[in-house]
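Step one of this worksheet: look at the structure below.
The values are calculated or read from the model by the stated rules, or taken from the named source; none is laboratory data. Source: prediction; values computed, not measured. For neighbour counting, all protein chains shown are included, and Cβ atoms are generated from backbone atoms with ideal geometry for every residue, glycine included. For the accessible areas, the whole protein counts, side chains as well, though only heavy atoms, and no ligand, DNA or RNA atoms are used. Shrake-Rupley method; radii C 1.70, N 1.55, O 1.52, S 1.80 Å.
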Amino acid sequence: AYRQDALRCAAHLAASGPTKGALVAQATGVPQATRLMATDHYGWFERVEKGIYGLTPKGAAGLKDYAVPPPVEP
């Protein structure tokens, strides 16, 4: 569940750029988004300013590594 929440937050930051943690939580439905980005177990997030987080290059790579491939049509 942690990785799924981290991926949601990372995807939001990739699309929106550095964002306040509370806004990431609201946009992604991950209530603990600020804490998740602050503890940063995977090295995907960086604190840009107080309460504002951005995506690291490692986070962008994580989005690619753990992306769900599109369904294959028969």
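Of all the criteria given as (1) touching a Phe, Trp or Tyr at 6+ places or on another chain (Cβ under 9 Å); (2) surrounded by 12 or more Cβ atoms within 10 Å (Cβ to Cβ), the one not satisfied by H41 is (2).
In the set (1) at pLDDT below 95; (2) touching a strand residue (DSSP E or B) at 6+ places or on another chain (Cβ under 9 Å); (3) open to solvent by 40 Å² or more (accessible area, probe 1.4 Å), G51 fails one condition alone, (3). Residues in region 58-67 include none that are modelled with pLDDT of 95 or more and aromatic (F, W, Y). Would you pick out the residues in region 7-26 that are over 16 Å from L63 (Cβ atoms) and open to solvent by less than 70 Å² (accessible area, probe 1.4 Å)? If the condition is that a residue be over 16 Å from L63 (Cβ atoms) and open to solvent by less than 70 Å² (accessible area, probe 1.4 Å), then G21, A22, A25 are the ones that fit.
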